[in-house]
Amino acid sequence: MTLPSLVWGSPRWLTGALVLLGIAGILILWSYARARAAGPVRAVCAALKGIAFAVLVLSLVEPLLTGSRPKQGANAFVILADNSQSLLVRDDRAGPSRGEWVRGLLHKDAPWRTRLGQDFDVRGYAFDSHLRAVDGFEGLTFDGTSTSLSTALAALARRFHGLPLAGVLLVTDGNRTDTGDLDGSQLPPIYPVVPPSRSAVKDVGVRNVAVSQTNFESAPVVVRADVAASGFAGETIVAAVTDEAGNDVERLEARASGDGKPTNFRFQFRPDKKGIHFYKVRAFAESDPSQGKESDAAASPEQTLANNSRLVVVDQGGGPYRVLYVGGRPNWEFKFLRRAIQDDEQVQLVGLLRIAHRQPKFDFRNPRDSTASPFYKGFDNADAETAERHDEPVLVRLGTEDEVELRDGFPKAIEELYRYHAVILDDLEAGFFTQDQLALLRTFVSRRGGGLLMLGGPDSFVDGKYDRTPVGDLLPVYLNRRDDPPGDGEYHLVLTREGWLQPWVRTRKTEDDERRRLAAMTPFHTLSHVGNVKPGAVVLSEVRDAAGQNLPALVAQQFGKGHVAALLIGDLWRWGLRRESLAEDDLDRSWRQTVRWLVGDVPGRVDIAVRPKGDASAPAVEIQVRPRDAEFRPLDNAKVSLRVTRPGGDVLTLDADPDGREAGAYAATYAAKEPGPYRVLATVTAPDGSAVGQREAGWAAQPAADEFARLEPDRDYLQSIASQTHGELVDGANLDSFVRSLSSRAAPITEPWTSPLWHQPLYFLIAIACLTAEWGLRRVNGLA
C-alpha cells in the first residue's frame, strides 16, 4: 500500500472556495483587531476560527484521500516453518519444546491465520535439509538433521520467480547449518518469528575446531577448540582428543566462565604415521557422569549430547618429499643435515657434492702448437672457458634413486629439477651453474612452488657472485656489501619477534627453555656479508657480534608460488660439535624443522581439496582436483577418478568432470548419506594414458553436531535477513497486529482506493474542536 494522497473531487469550486476563505479571513482579522484582549490571545483565537472555517470551506471542493492497497487474494504469502531437530530443545525440562510452541503458533484455527487468508493466497512450506510444500503444520515432527535456511529461501525465490509473492513469515530459531551466502535482492520481505528462549539451558558444546600443521617437531599438529558452556559457571570443563581407536591422545581442563564466552583449548600431538587421520574432540563437565557420551545421555544434565564432540581431519600425507642438496665442498653441514633427516620417512635427501674444482688438464701432446713443449701445456692456462673444455669438476652423488639421476651433474631440464621439492645450496659460487641453470632455479621457485635455502660460506651470496643473477633475484637480501660490515669474532644467535612466532625456528616447547638454550648456545665465527634485507622479507633470527651489533642470520620471503630462505651463518656445524651432552639433538631438530618448512607447502603433481557445498539441498561437499603436467602447468583432458570410502567401509567410485570455473581443475559433488569419517583417493591419468599421481583427502559428516552447534536462537542473523529484504523481526505474541498491518504494506499486485475526506469523523471533529476552543478562550478572557 502506498501512502495516501489528497486530491480534489470538484476542482471547479476551488476558486469560489478560496474567495470565501479570503473573505472569512478578513472578517476574522477585522473582528479580533477591535477586541479588548492581549495580543497573543487574539492571535490564537483568530487562528482557531480560521482553521475551522478553512476545514468547512474546503469541503466544497470535495477533498478525497486516495492510494493503493494489496488486492485481496491476488498476492501469495508464504508461511515457512523450520522442521529441524534443533527445535526439540526445551528451555525448561518440564516445559514444552520450541517445536511444540511452533505447532501451537501455526494452528490452522489461529485468528491471525484467518485474517491472513482473507487478504492473501496463503501457502505453507516446511524445510530442514530441503524445502517442501505442506498442507498444514500439525504434522511437523522436527526430525530434520540439518537447517538449510539459506538454501530453502533461495529455493523459495526460484519457485515464486515471476509470481506475486508479498512476503514470507519465517518461523525458525535461525541456527542454520548451510554455509551459502543469502542474496536478499532476489527475495520478498522476510518476517522472521523466533521461538521464545526464556532461560539458559544447561549445555556444553564444541563450537569451532581448527587444525593447523606446524613444522615444530615436538607437536606438528595443533588443534584449537572453542567450547561453550551454559549453566556450568565455575565448574571444571574437560576437553579430550581421542584417536580412531578411542584412545585418549591428550586431555585438558579449564574453568567455565559465567559470561557466555567460549573456553579455548589448544592441543598439540604427533600422529604416529602419515596419511589421513580422524580425531574426535569431546568436551563435557567434570560433574557429568556421562562424560559427553551419547550412549549415556540419560544420565547427563545437558539438553543434548549431540554437540559435545566433533571430528577433525589431520592430513599427514603429501610425501615423500625430495630435497636436493648441492655443496661446493665436503663439509660438516651435509653430515649433520643427512644425519638429522635419515629417519624421516617423508623426506628423501639427495646430495650432489663437489669434491674437486675443475682444473686445467695436463696434455702430453698438442699438434697445433709446435713451439711449446707439450709437457708444460695446460699449466699456465688461466682462461676459465678453456679450462672447462679440458676438465670438469669432480662430483659425488649420494642418495639417488638410480644410476641415471644427476649423472650429468646439476639438472639442466625442467622435468629433471621439478622432481625435487626443495633445493639447498651450500658454499657454491654462481659460476658453478650455467645461465640456463640459474634461470631454471628461479622458475623452480616461482612456478613450481619449490623451496630454496642458501647457506653461508666463503663462496655464497656476495662472495659467490650471485648479484645480478636469477638466483640473486630470488634471495631475500641484497647482494651488495654493507657500509658497516660485521667484524670478526664471535656471533651469538638471538631470535627476532617474528622468529619467536614461527614454530619451525624454535626447538624447545616453552619460551623459558628456548631462552636458556639460546643463552648456552655456542657462538659462531663465520657470517656471510650481504646488503640490506629486501622489502617483504622477514628476519627470523639475528646474530650479535662483540660490539653489540645485531646482524641478520636467517631471512625468509615468499617468491612467486614458492619461498626462499637465506641462512647467512657459515659454520652452523659448531652447534652440533659443541653440544652440552650427547642426548641433546637441537641441531638435528632444527634441521628437520627447517626442511619441513621448505617442503611443507610445495605442491605436488596432484592437489585435492574438499569444501562444503553451501548451495546444496542436503549436506554435501565439493571435491576439487588440480593435476599438473611435468612442467607444473594445469593439465587438461586428464581422467580423474575418485575412490570414496564411507564410514562403514563401503567404497564408491566416481569420476570428476572439468570445472568450468578454472582451467585444468576437475570437480565432483558428493552428498553424505550417513554421519562419520569419509576418505577420498584421487587418481589422475594423463591424456596419453600415463599415470600422473594420486592424492588422498578426508572430511567428516556430522549433521547432529552442526545442528546443535548453538542452542539459543540466532536473533542477529534473522535480523540481518529481515534488514536485507526490507522485512522486520516479528514477535510471536503480536502476530494479530502484524497481520492487520500487512494491508498497509507494499505488495506486487495492488488496487486503488478512494475515501471522501468529509466521510471521516475526524475531519469535522477538527472544525468543532477549533470552534469550541476559540469560544472557550473568548469566554475566559471576557470577550464572549
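Listing for the model above:
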| quantity | calculated |
| --- | --- |
| Normalised contact order of the chain, rounded percent, pairs of Cα under 8 Å and 6 or more residues apart | 16 percent |
| Added length on full extension, which subtracts the Cα-Cα distance from 0.36 nm per residue, GLN435 to ASP408 | 8.1 nm |
| Listed residues ALA157, GLY689, TRP30: farthest to the positive end of the dipole of the chain (Cβ charges) | TRP30 |
| Dipole of the chain [Lys/Arg +1, Asp/Glu -1 at C-beta], most positive-end residue of THR443, SER86, TRP504 | SER86 |
| Global form of the range 446-578, assessed from the alpha-carbon gyration tensor, a/c cut-off 1.5 | oblate |
| Estimated FRET transfer efficiency (ASP688, VAL122; beta-carbon r; R0 60 Å; 0.05) | 0.45 |
| Overall form of the range 71-225 per C-alpha gyration tensor (a/c, 1.5; a/b vs b/c) | oblate |
| Distance (nanometres) between label positions extended 7 Å along Cα→Cβ at THR141 and LYS261 | 4.4 nm |
| Size of charge dipole - the chain - debye, nearest 20, with Cβ of Lys, Arg +1 and Asp, Glu -1, no other charges | 3000 debye |
| Neighbour net charge for ASP650 - beta-carbon separation under 15 angstrom, K R +1, D E -1 | +3 |
| Spread of Cα-to-Cα distances over 10 Å intervals beginning at zero, given as percent, for the range 199-307 | 14, 45, 29, 11, 1 |
| Estimated inter-spin distance, ALA663 and ASN532, nm [label 7 Å along Cα→Cβ] | 3.9 nm |
| Label-reachable residues, the range 47-63, where backbone N falls under 18 Å from a point 7 Å from VAL19's Cα toward its Cβ | 54, 57-62 |
| Translational D in µm²/s for the range 492-549 (Stokes-Einstein at 25 °C, 0.890 mPa s, Kirkwood Rh from C-alpha pairs) | 192 µm²/s |
| With at most 13 other Cβ atoms within 10 Å, longest stretch of the chain clear of loop chymotrypsin sites (Phe, Trp or Tyr not before Pro) (DSSP) | 380-784 |
| Kirkwood Rh in Å, taken over all unlike Cα pairs in the chain | 34.0 Å |
| Size of electric dipole in the range 401-491: Cβ of Lys, Arg +1 and of Asp, Glu -1, about Cα centre, debye, nearest 20 | 520 debye |
| FRET E, pair GLU392, TRP332, Förster distance 35 Å, beta-carbon r, rounded to 0.05 | 0.85 |
| Fraction of antiparallel bridges per DSSP, the chain only, in percent to nearest 5 | 75 percent |
| Proximal lysines relative to LYS71, as straight alpha-carbon distance under 28 Å, when same-chain residues fewer than 8 apart are discounted | LYS108 |
| Quotient of Cα Rg and 2.2 N^0.38 Å for the range 123-172, N being how many residues it contains | 1.15 |
| Assigned charges on the beta-carbon of Lys, Arg, Asp, Glu; the range 467-554 dipole about Cα centre (debye) | 260 debye |
| Above-threshold pairs, the threshold being 26 Å between Cα atoms, out of LYS412/LYS534; LYS273/LYS639; LYS613/LYS639 | LYS412/LYS534; LYS273/LYS639 |
| Label point distance in nm, ASN637-ASP731, each placed 7 Å from Cα along Cα→Cβ | 6.9 nm |
| The chain, helix-only ellipticity at 222 nm - DSSP H runs n ≥ 4, -39,500 (n - 2.57), divided by all residues, nearest 500 | -7000 deg cm²/dmol |
| Computed over the range 100-232: relative contact order in percent, which uses C-alpha pairs under 8 Å that are six or more apart | 17 percent |
| Linear extension gain, GLU416 paired with LEU501, 0.36 nm per residue minus alpha-carbon span | 27.0 nm |
| Extreme residue, positive dipole direction of the range 648-784, given options PRO756, HIS726, ALA656 (C-beta unit charges) | PRO756 |
| Additional length obtainable on full extension of the chain from ASP243 to ALA519, 0.36 nm per residue less Cα span | 95.5 nm |
| FRET efficiency for ASP655 and ALA133, using Cβ-Cβ distance with R0 set to 45 Å, rounded to 0.05 | 0.80 |
| Sites matching trypsin sites (Lys or Arg not before Pro) across the range 423-468 that sit in DSSP coil, with at most 13 neighbouring C-beta atoms within 10 Å | ARG468 |
| At 1.567 mPa s and 4 °C, Stokes diffusion of the range 512-596 via Kirkwood alpha-carbon radius, µm² per second | 90 µm²/s |
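Taken together, the values in this text are just the output of simple stated rules run on the coordinates, not laboratory data. Given the structure is predicted, the values throughout are model-derived calculations rather than measurements. Heads up, the Cβs are rebuilt from the backbone with ideal geometry, glycines too, and the neighbour counts pull from every protein chain shown.
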